[in-house]
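Only the coordinates and a few stated rules stand behind these numbers; no lab work does. Computed from a predicted structure; not experimentally measured. Neighbour counts run over all protein chains shown; Cβ positions are idealised from the backbone, glycine included.
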Amino acid sequence: MADVTDPCCAPADADVRETVRRKYAAAALAAAQSARAPGNCCGPVATADAAGRPVFGSVLYDDDEAGSAPEAAVSASLGCGVPTAVADLHEGETVLDLGSGAGADVLISAARVGATGRAIGLDMTDEMLALARGNAEQAGASNVEFVKGHIEDIPLPDRSVDVVISNCVINLSGDKPRVLREVARVLAPGGRFAVSDVIADEDMDDATRADMAQWTGCIAGALTRREFEDALAAAGLTDVEIRETHRVHEHAGAAIVRARKAG
């Protein structure tokens, strides 16, 4: 199977990043102009499975999980899961959300870590950052910050966060091993990694991976379980757990991925 980071088989990182940026900028503008954003940024991927069960977007959040986050933030979710449901957040922790979008998971995290904690959202898209900051203002959240940057080069100091979360974003990176090395760098010893992401089936063909149209569709760029496990281990993360939650495509499923930085 082709390595998704192999330059012979994947689009150039800059091309992937710009394609993703344009798609998510359009989604942010759509969310700002309507009460409900599109259910996902996944191109040809359906928002529901064959049985009609939702696989992407705000419908994955129940009322308890959404908490006090503004409806506008939750309804603009483009994710494939609810990472805050498995992150086991505690009072006083610092949480970083990679590809924070409209800010729903950041605001949910901020409420859970409390006034002594901090929630940071990292996003490369100006339109999403503006949307998230507006949602944070609406929520009256004082312990949140939204930072512009790339998940391959996180603009935070070493060992500065307790938990890294993300919702269906890492699969969109053109250099996932670098993302995971950055995660390990910014995590404090004993820190936790808890994300929702798309995991490709082992039998995904090279043509699907190479299709640029699907790089914004979460599927072509996704790692397999084995590739994700290997990349996490190479980054220095341990206690890896990958659990599929539901199917999102004939070639892939959404999964919870958890790991820990050695203390």
TODO: Mind listing the long-range amide H neighbours of Arg159? Cut-off is under 5 Å, sequence gap 5 or more, other chains count too, H placed in the peptide plane at 1.01 Å from N.
DONE: Val186, Leu187
TODO: Could you run the Karplus curve 6.51 cos²θ - 1.76 cosθ + 1.60 with θ = phi - 60° over the range 171-183 and give me ³J(HN,Hα) per residue in whole Hz, x for Gly and Pro?
DONE: 4, 7, 6, x, 9, 5, x, 5, 4, 5, 5, 5, 4
- [ ] Kindly state, to the nearest 0.05, the FRET efficiency for His90 paired with Lys148, given R0 = 25 Å and r defined as their beta-carbon distance.
- [x] 0.35
TODO: Sticking with the crude label model, points 7 Å out along Cα→Cβ, report the distance from Leu156 to Glu71 in nm, one decimal please.
DONE: 3.1 nm
TODO: Quote the FRET efficiency, to the nearest 0.05, computed for Arg185 versus Ala115 with a Förster distance R0 of 22 Å and r equal to the Cβ-Cβ distance.
DONE: 0.20
TODO: For the range 128-183, give the magnitude of the charge dipole about the Cα centre (Cβ charges: +1 Lys/Arg, -1 Asp/Glu; no others), in debye to the nearest 20.
DONE: 100 debye
Open item on the list: Please list, ordered by chain and number, the residues whose modelled amide H lies under 5 Å from the amide H of Leu223; skip anything fewer than 5 residues away on the same chain.
Closed with: Ala200
Open item on the list: Using a 7 Å offset from the Cα along the Cα-to-Cβ direction at both Ala234 and Asp62, what is the distance between the two label points in nm, to one decimal?
Closed with: 3.9 nm
- [ ] Search the structure for amide H atoms under 5 Å from the amide H of Ala87, placed 1.01 Å from N in the peptide plane, and list their residues when 5 or more places away or on another chain.
- [x] none
